[in-house]
Amino acid sequence: MGCYAPLYRYARSLCGEPQEAEELLQETFKRALAAKRKPAAANADEIRPWIFTIMRNVWQNERRRISRSREIQFEDAAVPASGEDTEFGMTRKLLVSEVRAAVDSLPVIWREIIVMRDMEDLSYAEIAAILGCPVGTVMSRLARAREALRQLLTPRVSEVRR
Amino acid sequence: MMNCAAIRPRIALYVDREVAGAEALEFEAHLTECERCRREYNDLRETVDAVRGARPLYEVPEHAYATVERIVTDWERRERQRWWVPALAAAAVLVAVMTGWWASTVRSGYEQFAAQAHRNYAQRTFPLDVKSSQPQVVSDWLEPRVPFHLSLPNYPEGGPKRYTLAGARLMQYRGEDVAFLAYEMDRKPISLLISSSSRIMPSRGESYQSGELTFYFSSERGLRIITWKDKGLTYAQVSDLDVKGAESCAICHGAEGERRKFEGLKRM
């Protein structure tokens, strides 16, 4: 139960829409509770990647129903248009809403890794386990996502600075 | 000492706290000396700090917790039921097994008890409480002492007797009073144990059906034991006569007028 909020936020990163995220959250809990093998309740380190993995699997299995039109494969992912690529120097003045909008505009495959790492503090190893890929892939994907965010946020930073 | 080529791939690791200890110290030492690496680190640091500063990126709806809580509660309730049903089933099986074992013990115990009582009678190791060849005398003595109505018939009715009543004794089997009837035929002892206990269910040995009655024939250490239940009473007849099945009945009830009693005896 304690991980429902991070799970909801991860669901939002996957689905985009709140209603779909709630449905995914509910389905995830149902699947997790019905699972034959569950991590020990006391072992929080195992529970978090385990249930995130379930959520991702549920989402993948039902992605046709809940997919977003802008969802694209990682290999084809492109950095969203960011306007002028000025020197990046982000400050705390940057509006939180701008960050949210930038993250939301990312392809889902980058958005989810940003949410897992920078929002929910999952380790590289945990993310790798959830995504079913090597840690090196996590690092490279995370680097690309952050670079995309940097490009998206730079023009806004310039405006804020002015 | 790490150089720039070794440091740059580790910048993200450091920002994400994936390096620690001596490696982290070495990384920090390099940043203090290398402006280019420090600038790269600061850029990434600012991006990450800005993103992390926007936490929580998505507000969790208040009703989300209630929904999840309901799912968990429902699951817990079903889980309790799921475990209770097999547990109850297991308990039921255990009770059935134990009851079967207990009933089996009771069954075999009754037959063994009848056989041992017969041996004691045959060996004259205990005296009969009432000695008489008159069914009415024996019935009158037993009637007030046993927890069931007992009126011994004067078999065979009207014909010559192949056996004679010797008497009876009041015995106790598993805390209940039972009647031990002693007979003799050709100087050989025949006994009949009668109990009104509902816990005793004859089933040992071969079974034969006669009308609504089922007779069970078994042997124990040279003794023939026939058990049956009729009108709430359980009978165990014991003898050492070397006969089987319906012949056992014919010994005592072989008179013309009584043969009909067991002519329909069929093995089940």
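The values are calculated or read from the model by the stated rules, or taken from the named source; none is laboratory data. Model, not experiment: these values are computed from the prediction. Cβ atoms come from the backbone with ideal geometry, glycine included; neighbour counts cover every protein chain shown.
Could you please find all residues in segment B:45-61 being more than 7 Å from chain A (Cβ to nearest Cβ) and part of a helix (DSSP H, G or I)? Result: B:ARG45, B:ASP49. Selection of strands (runs of 3 or more DSSP E) fully inside segment B:135-244 by the criterion of at least 3 residues being over 31 Å from the mean Cα position of the chain (by Cα) and touching a residue at least 40 places away in the same chain (Cβ under 8 Å) returns B:164-173, B:176-185, B:188-195. Residues in segment B:252-263 include none that are buried (at least 18 other Cβ atoms within 10 Å of the Cβ), at pLDDT 80 or above and of a type in the set (Phe, Trp, Tyr). Being among the hydrophobic types (A, V, I, L, M, F, W, C) and in a helix (DSSP H, G or I) is the filter; apply it to segment B:109-134 and report the residue that is surrounded by the most Cβ atoms within 10 Å (Cβ to Cβ). Checked segment B:109-134; the qualifying residue surrounded by the most Cβ atoms within 10 Å (Cβ to Cβ) is B:ALA114. For segment A:15-26, the tally of residues that are closer than 27 Å to A:ALA40 by Cα, more than 9 Å from chain B (Cβ to nearest Cβ) and buried (at least 19 other Cβ atoms within 10 Å of the Cβ) stands at 1.
Yes/no per residue for (1) over 23 Å from A:ARG117 (Cβ atoms); (2) of a type outside the set (Lys, Arg); (3) within 14 Å of chain A (Cβ to nearest Cβ):
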| position | (1), (2), (3) |
| --- | --- |
| B:PRO9 | no, yes, yes |
| B:TYR14 | no, yes, yes |
| B:GLU18 | no, yes, yes |
| B:GLU23 | no, yes, no |
| B:GLU26 | yes, yes, no |
| B:HIS30 | yes, yes, no |
| B:GLU33 | yes, yes, no |
| B:CYS37 | no, yes, no |
| B:ASP43 | no, yes, yes |
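Do you know which residues across segment A:117-138 are closer than 23 Å to A:GLU17 by Cα and away from chain B (no Cβ under 11 Å)? Within segment A:117-138, A:ILE130, A:LEU131 qualify.
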